[in-house]
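Each remark here refers to the structure printed beneath this line.
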Amino acid sequence: MTRPFLASLALIAVPFAASAMPSVGDVVGTNPTDATAALAAAGCAVREFEAEGGMIEAKCTDEAQKLWEVYIDPKTGAVTNIKDDD
């Protein structure tokens with residue numbers, strides 16, 4: 001009975017693992033080099049950075065090539081907001 005349960009649990013978790021992205025609160029760095037590397041490791045390939053509203057905005061794409069805007073606090077390097085770029 002345990003094996004079927006574990007197998008079904010693994011199948012449920014697969015879509016979440018495939019769509020890994022940074023999370024609010026993750027510290028990615030305060031400079032472009034560190035932030036690019038940290039966001040790439042989290043599954044978000046950076047296309048460009050720009051300043052917006054006192055934050056650093058990283059425009060990046062996930063594995064499905066969906067465009068995302070990741071907002072980073074320039075003092076702490078922490079992700080403060082993530083939204084899709086629709």
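What follows draws every value from the coordinates through simple rules; no lab data is involved. Since the model is a prediction, treat every value here as computed from it, not as a measurement. Methodologically, a virtual Cβ is constructed for each residue, glycine included, from the backbone with ideal geometry; neighbour enumeration extends over all protein chains shown.
Put a dot 7 Å past the Cα of GLN65, heading toward its Cβ, do the same for ALA78, and the two dots end up 3.6 nm apart. With the simple model of a label 7 Å out from the Cα in the direction of the Cβ, ASP85 to ALA41 spans 2.3 nm. Each label was represented as a point 7 Å from its Cα along the Cα-to-Cβ direction; for GLU48 and ASP26 these points are 2.2 nm apart. Taking a straight Cα-Cα cut-off under 13 Å and skipping sequence neighbours fewer than 8 places away in the same chain, the aspartates and glutamates within cross-link reach of LYS66 are ASP84, ASP85, ASP86. The trypsin sites (Lys or Arg not before Pro) of region 39-86 meeting both criteria, a DSSP state outside H, G, I, E and B (loop) and at most 15 other C-beta atoms within 10 angstrom of the site's C-beta, are LYS66, LYS75.
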